[in-house]
Amino acid sequence: MPRAHTPAVGAAPNSRPRALAGVVAGVIAAIVLSSCAVGPDRGPDLIPGGGGQEGPAPSSSTAPPAPALAVPKTDLEWSECAAETSERYGVPRPDGVTIECAEYDSPIDRDQPDGEVVSIAVTRARTADTPPDAAPLVLTSGSDLPSSRTLMVMTAGQGRAFLSSHPVVAVDHRGIPLSSDIDCMTRLERTTIANNGLVDRATTTDARISRLSTAASSASDGCTETLTPYQLSFGAANAAADLESLRQRWGVEHLGLIGTGEGSDVVLTYASLYGGRAGRIILDTPTPFGANARDRAQSQARGVQVALQGFAQRCSALPGCALGSNGVATMTRMLGKARAGDLESLSDTAALEAITTTLALAPDRPQSLLDLADAIAAADRGQTAALVRLADRAATLRLPDGALVSRCNDVTGPVGQNEVPGLVDAWSKQNPLTGANSALSLVRCNGWASGNPVRPPTSLPADPLILNGTRDPINGGEGANALVPLFMNAEAEPVTVTWDGLGYSVLGRSACAAEVVAEYVDRAPLQGPTQRGCPT
């Protein structure tokens with residue numbers, strides 16, 4: 001029988017396991033286990049050229065076919081887990097979708113394949129229409145969110161149409177709950193990092209940076225001691241190795257990969273490290289692979305600002321929107337009060353995390369936006385309970401210890417602490433809702449060691465398919481453009497589908513995108529324009 005997806009039992013809230021036996025037996029020995037169209041005359045849903053503009057030349061009809069994808073020869077031990085998964089994430093059980101869970105082992109150090117292992121949690125979604133001989137697609141959202149939570153967006157949204165063609169298997173990132181959960185920080189460290197150093201009223205920027213830096217350095221020391229010698233084994237390279245372990249377990253030649261958000265880094269890392277094993281490469285609103293910390297944070301600040309402006313605009317068009325006609329002003333005012341310490345139990349960082357995470361995962365219906373607007377407006381009036389609940393939920397999903405360890409493992413070009421005040425000032429003027437928070441968050445990895453960056457792939461076995469959400473509340477929508485040089489150097493000609501909707505995962509929310517992905521998986525390379533658009 002497959003083992004239940006139960007997070008590892010961690011340390012007491014205000015203590016930290018300081019001995020290897022306590023963690024590699026408690027973290028690592030409880031962590032270490034033994035409607036869209038792409039062809040002619042298919043209607044107006046697909047918009048060539050991203051909305052009516054002429055796109056580049058069509059893809060070559062003489063391009064070689066992509067590698068074949070196959071059904072696993074040796075599958076995992078799946079068990080039904082829809083009720084458990086829905087309860088864990090506080091979402092309705094998806095009608096007509098079978099949700100199954102399993103686990104498999106992967107070497108904790110990819111350079112020591114015969115060494116200790118971590119347990120990796122996987123969740124599969126399929127429907128009664130999913131062909132039994134259809135190859136599974138493997139989904140990762142990296143350290144953004146649990147991949148199993150991203151999968152639930154698909155099962156509840158228009159993207160579930162893709163499941164009529166192929167099952168999707170979500171692989172939760174190592175080190176986060178379900179996949180060998182890491183517990184290596186104290187409660188004070190977690191709280192300080194989650195609030196980016198804000199603890200009381202009238203906290204200056206310099207005081208926040210100092211407090212955050214101290215907490216980050218302390219967390220680094222504790223997590224290093226807890227995880228040694230595996231403190232650098234939780235970044236994208238080892239997450240990619242977990243995908244390779246799955247491929248080997250399945251006994252297939254190639255994997256069809258979907259990388260959502262930061263999961264795109266994992267997919268591109270896999271393509272770099274494991275050559276031709278990536279049979280399909282689908283990057284859903286990708287992050288800028290290989291970008292330094294400053295550029296990545298600034299890109300995120302700009303992109304998430306656009307998403308929040310889109311939310312305010314869309315909400316203002318709905319009857320009864322509590323944000324009124326100028327939602328940006330309302331959010332700016334509320335965040336200012338939180339930044340000054342004037343809102344009970346709510347920092348500006350936690351409030352922003354609550355808003356962006358809720359927007360990222362909310363069902364695609366007007367009431368979801370209205371409910372969030374009500375929580376924001378109430379907080380602006382000093383009634384913070386609703387937004388605090390959303391902030392707590394967001395922290396559970398986005399700020400477990402393992403997510404921070406993973407992100408810090410992958411940091412390149414860290415920013416000096418003395419540079420951050422200037423970035424806070426400059427970025428907050430450019431992006432009033434997001435700039436200061438993105439700049440402060442650069443300090444979270446202060447004092448952490450990072451692994452060697454993976455070189456971009458120099459060739460790809462299949463031209464990638466890019467789905468780009470321009471209003472992604474988690475990472476923003478600028479990462480796709482940043483990947484253009486990478487694809488040029490790899491002599492790849494991706495097809496890009498742009499979607500101007502609001503939320504995390506274009507595939508999860510757009511039936512149009514789901515149909516393009518289904519065609520790409522079955523008949524890559526795609527024919528027709530390389531720049532396309534899907535309606536919102």
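Bear in mind that the values in this text are calculations on the coordinates, not laboratory data. Just so it is clear, the model here is predicted, and its values are computed rather than measured. Counting neighbours? That spans all protein chains shown, and the Cβs are built from the backbone with ideal geometry, glycine included.
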For residue 254, the residues 5 or more places away or on another chain with a placed amide H closer than 5 Å to its own amide H are 70
Computed D for the stretch 205-246, Stokes-Einstein, Kirkwood radius over alpha-carbon pairs, 37 °C, 0.692 mPa s, to the nearest µm² per second, is 269
Stokes-Einstein D for the stretch 221-325 (20 °C, 1.002 mPa s, Kirkwood Rh from Cα pairs), in µm²/s, comes to 128
By the Kirkwood definition, with r running over pairs of different Cα atoms, the stretch 359-497 has a hydrodynamic radius in Å of 18.5
Expressed as a percent, the portion of alpha-carbon pairs in the stretch 270-391 spaced more than 23 Å apart is 41
Descending packing, highest mean Cβ count within 10 Å first, for 237-246, 339-348, 156-165, 484-493 is 237-246, 156-165, 339-348, 484-493
Residue by residue through the stretch 416-430, the couplings from Karplus 6.51 cos²θ - 1.76 cosθ + 1.60 with θ = phi - 60°, in Hz, x for Gly and Pro, are x, 4, 5, 7, 5, x, x, 5, 4, 5, 5, 6, 5, 6, 6
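Please work out how much length the chain gains when fully extended from residue 333 to residue 204, using 0.36 nm per residue of separation minus the C-alpha to C-alpha distance, in nm with one decimal.
Length difference between fully extended and current span is 44.7 nm.
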Note: the stretch 156-290, point scatterers on Cα, Debye, no solvent; log10 I/I(0) at q = 0.13, 0.19 Å⁻¹ equals -0.75, -1.12
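Over the chain, what lengths in whole Å, largest first, do the semi-axes of the equivalent ellipsoid take, defined as the square roots of 5 times the eigenvalues of the alpha-carbon gyration tensor?
On the way: eigenvalues 221, 169, 96 Å².
For the chain, the ellipsoid semi-axes come out as 33, 29, 22 Å.
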Between residue 371 and residue 75, the two model label points (7 Å from Cα along the beta-carbon direction) sit apart by a distance in nm of 3.4
Along principal axes, largest first, the alpha-carbon spread of the stretch 424-528 in whole Å comes out as 48, 34, 20
